[in-house]
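The values are calculated or read from the model by the stated rules, or taken from the named source; none is laboratory data. Not measured: the values here are computed from a predicted model. Glycine also receives a Cβ, built like all others from the backbone with ideal geometry; neighbour counts cover every protein chain displayed.
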């Protein structure tokens, strides 16, 4: 400071305010030229503008004032700092179905870099989350595909597929989706921390389960709930007998635990994530026998134990539920999107949704 000027020191920054601004400028806050260089003149201009703004803020004194003056100039402009200049990141383009696993991975990395968030992360409850990039896809089924399903699965009816009129849907924002179903162990942690009781445990009706003596699924029955399914499960199996309301309570618990908003995916988000850029009947292809490669479905393994079941011939190795993540993942790195157990979505069911919903 020149004679008669006051120098302000701040305990917050362990420097005088002038020195603090000077150092911040050299660290990259001062304007840079196209070569990433901070010159004498650009640094001086930054200091003259910034010090008067920072003094009252850093000193918590609205009346504090300091105004540096440029007392001279240099004939040449020496370079005081040279920083790496990186071109600004361009917002990634939307994926457009069909796309390959390579393109899906590239989009995940691009959005991860653009938003400075991880492609994959694990939360405090041990749930593995995968970043799903936004994109466009054809949601639902064509008429010819619905007719093909009727031929492949004679026990189904036309009305079973009547609500799947195909239309284009655009997912406009990236989101995180769990890599696989919520496990028994993760749900047990929720119950342990909150003393929550599921609707199957409290509504007087119960849930659904396997009656080994009669060789059939049955319910609702009060003896069945997420703890008792009638078939073997451990903490790595997907939790079942969880209602939509139970799932909402689980998401609310996660939101409080993580300080982030958790929720069920919309049906559009779920189908987009399940398809993973494919346009076939299933993400594994048009042949139902390929389902045994990507999920635990009604298959030859179950039919060998219970011959009356209608199944595909291929064997996935599991009669009932399989531990999560045991099959091949899809283009986004998601597991068990086909088979194992049904998943809840956030939005309610509407038989006319596909025909009238906007893009």
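Can you tell me how many residues within region 25-45 are buried (at least 17 other Cβ atoms within 10 Å of the Cβ) and either under 24 Å from residue 64 (Cβ atoms) or not assigned by TED's automatic domain parsing to the domain that holds residue 78 (or both)? The number of residues fulfilling the criteria is 4.
To keep it simple, each residue is scored yes or no on (1) closer than 28 Å to residue 120 by Cα; (2) at pLDDT 95 or above; (3) in contact with a helix residue (DSSP H, G or I) (Cβ under 8 Å, 6 or more places away or on another chain).
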{"position": "280", "(1), (2), (3)": "yes, no, no"}
{"position": "283", "(1), (2), (3)": "yes, no, yes"}
{"position": "307", "(1), (2), (3)": "no, no, no"}
{"position": "324", "(1), (2), (3)": "yes, yes, no"}
{"position": "331", "(1), (2), (3)": "yes, yes, yes"}
{"position": "334", "(1), (2), (3)": "yes, yes, yes"}
{"position": "340", "(1), (2), (3)": "yes, yes, no"}
{"position": "351", "(1), (2), (3)": "no, no, no"}
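Considering (1) closer than 26 Å to residue 231 by Cα; (2) surrounded by 21 or more Cβ atoms within 10 Å (Cβ to Cβ); (3) modelled with pLDDT under 95, say which one residue 296 fails and leave the rest. With respect to (1) closer than 26 Å to residue 231 by Cα; (2) surrounded by 21 or more Cβ atoms within 10 Å (Cβ to Cβ); (3) modelled with pLDDT under 95, residue 296 is out only on (3). Checked against (1) in contact (Cβ under 8 Å) with a residue 40 or more places away in the chain; (2) under 29 Å from the mean Cα position of the chain (by Cα); (3) on the phi < 0 side of the Ramachandran plot, residue 231 passes all but a single condition, namely (2). If a residue has to be touching a residue at least 60 places away in the same chain (Cβ under 8 Å), under 27 Å from the mean Cα position of the chain (by Cα), closer than 17 Å to residue 336 by Cβ and not in a loop (DSSP other than H, G, I, E, B) to count, how many in region 258-316 make the cut? Count: 7. If the condition is being under 13 Å from residue 20 (Cα atoms) and surrounded by fewer than 12 Cβ atoms within 10 Å (Cβ to Cβ), then region 46-72 contributes only 53. Does residue 324 qualify as being in contact (Cβ under 8 Å) with a residue 12 or more places away in the chain, closer than 30 Å to residue 216 by Cβ, more than 24 Å from the chain's Cα centre (by Cα) and crowded, with 16+ Cβ neighbours inside 10 Å? It is false that residue 324 is in contact (Cβ under 8 Å) with a residue 12 or more places away in the chain, closer than 30 Å to residue 216 by Cβ, more than 24 Å from the chain's Cα centre (by Cα) and crowded, with 16+ Cβ neighbours inside 10 Å. State yes or no: is residue 225 touching a residue at least 40 places away in the same chain (Cβ under 8 Å), assigned to a loop (DSSP other than H, G, I, E, B), buried (at least 20 other Cβ atoms within 10 Å of the Cβ) and in contact with a helix residue (DSSP H, G or I) (Cβ under 7 Å, 6 or more places away or on another chain)? It is false that residue 225 is touching a residue at least 40 places away in the same chain (Cβ under 8 Å), assigned to a loop (DSSP other than H, G, I, E, B), buried (at least 20 other Cβ atoms within 10 Å of the Cβ) and in contact with a helix residue (DSSP H, G or I) (Cβ under 7 Å, 6 or more places away or on another chain).
Quick one: would you say residue 44 is modelled with pLDDT of 80 or more and outside any helix (DSSP H, G or I)?
no
Selection over region 173-210 of residues that are exposed (fewer than 15 other Cβ atoms within 10 Å of the Cβ), without any contact (Cβ under 8 Å) to a residue 40 or more places away in the chain and farther than 21 Å from residue 234 by Cβ gives a count of 7.
Go over the candidates 218, 258 one by one and state the one that is more than 20 Å from residue 127 (Cα to Cα) and surrounded by 13 or more Cβ atoms within 10 Å (Cβ to Cβ).
218
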